[in-house]
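Q: Please see the structure below; I have some questions.
The values are calculated or read from the model by the stated rules, or taken from the named source; none is laboratory data. This one's a predicted model, so the numbers in the text were calculated from it and none came from an experiment. As a convention, Cβ positions derive from the backbone with ideal geometry for all residues, glycine included, and neighbour counts pool all protein chains shown. Each accessible area value is taken on the protein alone, full model and side chains, heavy atoms only, with ligands, DNA and RNA left out. Shrake-Rupley method; radii C 1.70, N 1.55, O 1.52, S 1.80 Å.
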Amino acid sequence: MAESFVKDENHFLPDFCSVRVLFIVVLSAELLAMILTLNQSLISRQILYDLALNSLFIQWIALSCIGLLCIGRRFLNQLSIVQAIIISYGLILIVTFIITEIAWEILFASPLGINPSATTHQLFLLRSLGIAAIIGGVLLRYLYLQHEWRKNIEHVTASRLQALQSRIRPHFLFNCMNTIASLTRTAPEQAEQAVEDLAELFRASLMDFDNVYPITEEWQVCRLYLRIESLRLQERLKIEWDIDDIPDNTKILPLCVQPLIENSIYHGIEQLEDGGLITIKGQLKNEQILLTISNPIPTIDHAKHEGNQLAQENIKQRMLNLYGDDCDLKIEKQEQSYTVSLVFPYQSL
């Protein structure tokens, strides 16, 4: 994402203290100085001198505004969006007015004896305020629209997560309850363990999906799910774990791996008469975590369930909200195999 926003709905201002935002502001200010200089060069041959003056003047205003917004960001984010916009806009105009007056005094009091020619003090001030008003308005409008866009993405993601749960959980719950019922008389201890595992699994599904936790907890959720499914599928379900390379303190969003394993069973193992092997591998390389889940699948002619990739798209959107463009979810589908790769930055808790 372009900027880092706080998740509170009233927080639309980025962190103006960050190096990324500062770089964007400085670069944008310099581009504005170049545009104004190129326009002035039609009537002035001192293009380098004009560029230096414009750059100094515009950067002075831009950095002063950024500094004040950086200092006052915490206060501004406690206000409503309308109040924050009005105060931010007012700060931009006030800073522009003060610096324009100072620049006027310095410029025409300097020993260089610059002649203002036809330009008056009032026109110079109005010109500066007019540019600041337009640029400031466009900037605040952009930040507000981006804030609303991010809110919409989060709401859509939450809705899709609810749709995912309502679509997948019923068939899993139905199968699980049938398995428990069949074990009640023949293997009551296994039935009791299955009930406890199911309770733990649903407890995990009620967690806040925006909060991260150690990846060891995600492994535990996956093992609970696989233990339940192994009661139903028996020897048809085989699992190979190769995750020792991933640090235990790696942070991850809840239920990013378990739904992928659930898809492997639902669209793969469950549809194969002899079942198959699900391979779960993980490695840490160049400060990146790479998780791959591979499983066999039936041919198109023998497939019973058609996937809509809702779970995968939901996981991808949640990861993008947390890591931005530094993460990815890749799919490799061959004739009789299916592999999902999840890539995200290594961050410890």
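Q: Quick check, is Glu189 part of a loop (DSSP other than H, G, I, E, B) and open to solvent by 60 Å² or more (accessible area, probe 1.4 Å)?
A: Spelling it out, it is not the case that Glu189 is part of a loop (DSSP other than H, G, I, E, B) and open to solvent by 60 Å² or more (accessible area, probe 1.4 Å).
Q: Out of the residues in region 333-349 meeting the condition of being open to solvent by less than 100 Å² (accessible area, probe 1.4 Å), in a strand (DSSP E or B) and not aliphatic (A, V, I, L, M), tell me which one is farthest from Gly282 (Cα to Cα).
A: Ser337
Q: For region 215-239, what are the residues that are in a strand (DSSP E or B) and open to solvent by less than 80 Å² (accessible area, probe 1.4 Å)?
A: If we filter region 215-239 for residues that are in a strand (DSSP E or B), which is where we start, we get 237-239.
Listed by number, the residues that qualify are Leu237, Ile239.
Q: Looking at region 174-185, I want the residues that are within 14 Å of Leu233 (Cβ to Cβ) and have a partner that is open to solvent by 30 Å² or more (accessible area, probe 1.4 Å) with Cβ atoms under 8 Å, at least 6 apart or on another chain. Which pairs are those?
A: The qualifying pairs are Asn175/Arg232; Cys176/Arg232; Asn178/Arg232; Thr179/Leu231; Thr179/Arg232; Leu183/Gln190; Leu183/Leu231.
Listed here are the residues, each with its yes/no results for (1) of a type in the set (A, V, I, L, M); (2) open to solvent by 40 Å² or more (accessible area, probe 1.4 Å).
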residue: Trp60; (1), (2): no, yes
residue: Gly67; (1), (2): no, no
residue: Leu79; (1), (2): yes, no
residue: Ala84; (1), (2): yes, no
residue: Gly90; (1), (2): no, no
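Q: So, one more: Out of everything in region 259-303 that is free of Cβ contacts under 8 Å to residues at least 40 places away in the same chain and part of a helix (DSSP H, G or I), what residue ends up being surrounded by the fewest Cβ atoms within 10 Å (Cβ to Cβ)?
A: Looking at residues that are free of Cβ contacts under 8 Å to residues at least 40 places away in the same chain and part of a helix (DSSP H, G or I), I get Asp301.
Q: Run Leu36 past the list (1) modelled with pLDDT under 85; (2) open to solvent by 80 Å² or more (accessible area, probe 1.4 Å); (3) among the hydrophobic types (A, V, I, L, M, F, W, C); (4) not in a loop (DSSP other than H, G, I, E, B) and report the number of the one that doesn't hold.
A: The failed condition is (2).
Q: Could you grab the pairs with beta carbons closer than 7 Å, sequence gap of 6+ or different chains, first residue in region 228-243 and within 17 Å of Glu218 (Cα to Cα), second one of a type in the set (Asp, Glu) and part of a helix (DSSP H, G or I)?
A: That search, which allows pairs on different chains as well, returns Ile228/Asp197.
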